[in-house]
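Here is the structure we will look at, set down as structure tokens.
The values are calculated or read from the model by the stated rules, or taken from the named source; none is laboratory data. The structure presented is a predicted model; accordingly, all values stated were derived computationally and were not measured. Here the Cβ is made from the backbone with ideal geometry for all residues, glycine too, and neighbour counts use every protein chain on show. Keep in mind that these areas ignore ligands, DNA and RNA; they rest on the heavy atoms of the full protein, side chains included. Shrake-Rupley method; radii C 1.70, N 1.55, O 1.52, S 1.80 Å.
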Amino acid sequence: MSVSKGYKYMGKRILELGGNTFQYFSRNPRGGSVKDIDKNDAQALRELMEENHFAPILTHAPYTLNMAAAKDDTYDFAKRVFREDLERLEELPSNLYNFHPGSHTGMGVDWGLERIIKGLNEVVFKESTSTILFEVMAGKGSEIGSNFEEIKILLDSVNYREKFGVCLDTCHLYEGGYDLVNDLEGVLDQIENSFGLAKVKAIHLNDSKNPLGARKDRHEKIGEGSLGLGTILNIVSNPRLKDIPFLLETPNEEEGYGREISLIKEMLENESY
Ligand code: FE
Ligand code: FE
Ligand code: ZN
């Protein structure tokens with residue numbers, strides 16, 4: 001969803017499309033500046049969410065936010081945007097804020113992990129009611145957080161640990177080498193034995209253009225990629241994932257998301273998979 005038409009608009013639109021949660025970018029995904037939140041509009045969305053029993057919604061940080069950046073100006077930008085977003089989100093309290101942990105650009109994973117933890121400890125504040133999610137990444141370039149070990153280190157090391165959780169992304173997991181097609185239960189076991197499934201607060205539901213372990217991060221439409229419809233349905237119907245909101249990030253316009261939501265709902269209702 002795009003916030004350009006306002007907060008309440010996004011809520012109404014996702015209801016029309018058959019969903020009960022949505023994701024939007026806190027600002028232009030590749031840019032930085034942002035206009036002030038219209039408090040009445042945010043309030044209207046809160047009411048709409050309450051009336052329609054929404055799951056928590058997810059605000060995605062811009063892609064340009066790199067909390068592991070070596071260059072100080074990039075790092076300072078990341079911290080400033082992160083702090084501002086968390087402050088603004090108090091207009092939509094107790095929802096989810098998701099970000100890509102960061103890329104160390106050659107400085108090394110351990111260095112990057114420390115850089116991220118230090119940055120977060122500077123910007124996350126006690127009064128924030130948002131749940132902050134580390135997104136599990138595909139492992140493109142020098143991305144941090146493409147395996148459960150790194151995510152666990154982040155979760156264990158930040159201040160205010162109770163404010164943090166994890167966003168899985170089915171495309172990223174598969175491209176990061178976790179075989180959701182042949183061993184979904186095994187991957188869920190690995191999560192349980194690492195940071196724990198209880199920390200998973202959102203799932204990006206995407207098919208993948210690439211094979212297992214490709215580490216390229218190319219999303220595909222539901223049922224048209226290397227995961228396939230069967231695996232997608234196994235994931236959304238898995239009892240171990242039943243209370244977690246699913247968010248589509250497939251290459252689609254809004255109508256396309258509506259079709260994917262209908263397809264998944266129909267298949268689940270008919271158990272025709
Ligand atoms: Fe993302
Ligand atoms: Fe994602
Ligand atoms: Zn992705």
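Among the protein heavy atoms of region 194-272, carbon and sulfur supply 47% of the accessible surface, probe 1.4 Å, non-protein parts ignored. Ellipsoid fit via the Cα gyration tensor, region 3-270: semi-axes of 26, 25, 16 Å, each the root of five times an eigenvalue, largest first. Restriction of the GluC sites (Glu not before Pro) in region 123-192 to DSSP coil positions whose beta-carbon has at most 10 other beta-carbons within 10 angstrom yields 127. For the chain, the 222 nm mean residue ellipticity estimated from helices alone, with every DSSP H stretch of n ≥ 4 adding -39500 (n - 2.57) and the total spread over all residues, rounds to -12000 deg cm²/dmol.
Rounded to the nearest 0.05, what FRET efficiency do residue 238 and residue 9 have when you use their Cβ-Cβ distance and R0 = 35 Å? Walk me through the intermediate numbers first.
Numbers: r = 32 Å, r/R0 = 0.92.
It comes to 0.60.
Using a probe of 1.4 Å, the accessible surface attributed to residue 271 totals some 140 Å² when neighbouring protein chains are kept in position. Histogrammed with a bin width of 10 Å, the alpha carbon distances of region 1-140 distribute as 11, 42, 31, 14, 3 percent, first bin at zero.
So if I take the centroid of the Cα atoms in region 71-118 and the same for region 190-260, what is the distance between those two points in Å? Here the answer is 24 Å between Cα centres. Remark: relative contact order (region 3-270) = 14 percent; criterion is Cα-Cα distance under 8 angstrom and separation of 6 or more residues.
Solvent exposure of region 23-99, expressed per residue, is 47 Å² of accessible area, with all protein chains present and a 1.4 angstrom probe.
Qualifying trypsin sites (Lys or Arg not before Pro) in region 122-192, where qualification requires a DSSP coil assignment and no more than 11 other C-beta atoms within 10 Å, comprise 126.
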